[in-house]
Amino acid sequence: MKVRQLWKRKRAFKLVETLSQEQTDKIIRLVLIKEGLITEDQEVSSTVLSDIWGQGVLVFSYELVVQTNDGDLSATRRQFVKDLQTVCSAQKLQGLPGYPPLMVTDFWVDERQSLHIDVANIANKATAQYVHDINKVEQ
């Protein structure tokens with residue numbers, strides 16, 4: 001009986017994860033269009049990071065080739081976060097009490113000039129705890 005319950009639980013989480021990823025991809029696509037980082041005919045897809053951060057954590061990673069430099073990165077992140085909040089409000093997204101629905105948890109450019117953005121969809125306690133832990137580490 002326990003094996004069946006575990007299987008059902010995993011299947012239910014996979015559905016939540018898939019729906020969260022689709023929702024997050026949709027919102028991030030709108031933000032990237034608003035920022036001029038992609039065009040309206042481009043699609044966006046993410047990588048699920050729950051394998052790295054643990055079961056139940058809804059964090060998705062995006063990678064884009066952009067023309068930016070490290071001097072502009074903090075300003076680019078601030079504007080991205082601001083636009084993310086605006087789009088979430090316009091789409092009437094809600095997170096857990098005390099948390100925004102989506103939160104940028106990492107934002108960096110690698111040596112190939114690829115912009116990496118990790119976004120948490122704060123729809124459950126595991127993700128809220130992850131965000132709390134990330135914020136603690138950054139302080």
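The values are calculated or read from the model by the stated rules, or taken from the named source; none is laboratory data. Because the structure is a prediction, the values reported are computed rather than measured. Cβ coordinates were reconstructed from backbone atoms using ideal geometry, including for glycine residues, and neighbour counts include every protein chain displayed.
For residue 51, the criteria (1) under 22 Å from residue 132 (Cα atoms); (2) at pLDDT below 90; (3) in contact with a strand residue (DSSP E or B) (Cβ under 9 Å, 6 or more places away or on another chain) hold in every case but one, which is (3).
Please go through region 30-41 and give me each residue that is farther than 19 Å from residue 95 by Cα and touching a residue at least 12 places away in the same chain (Cβ under 8 Å), ordered by number. Walk me through it before giving the result.
Filtering region 30-41 for residues farther than 19 Å from residue 95 by Cα gives 32-41.
Hits for region 30-41 are 32, 34, 35, 37, 38.
Under the condition of being under 20 Å from residue 120 (Cβ atoms) and touching a Ser or Thr at 6+ places or on another chain (Cβ under 6 Å), which residue from region 54-75 is modelled with the lowest pLDDT? Taking the candidates together, the pick is 57.
Of the helices (runs of 4 or more DSSP H) lying entirely inside region 1-114, the ones with 3 or more residues being on the phi < 0 side of the Ramachandran plot and surrounded by 15 or more Cβ atoms within 10 Å (Cβ to Cβ) are found at 2-35, 70-90.
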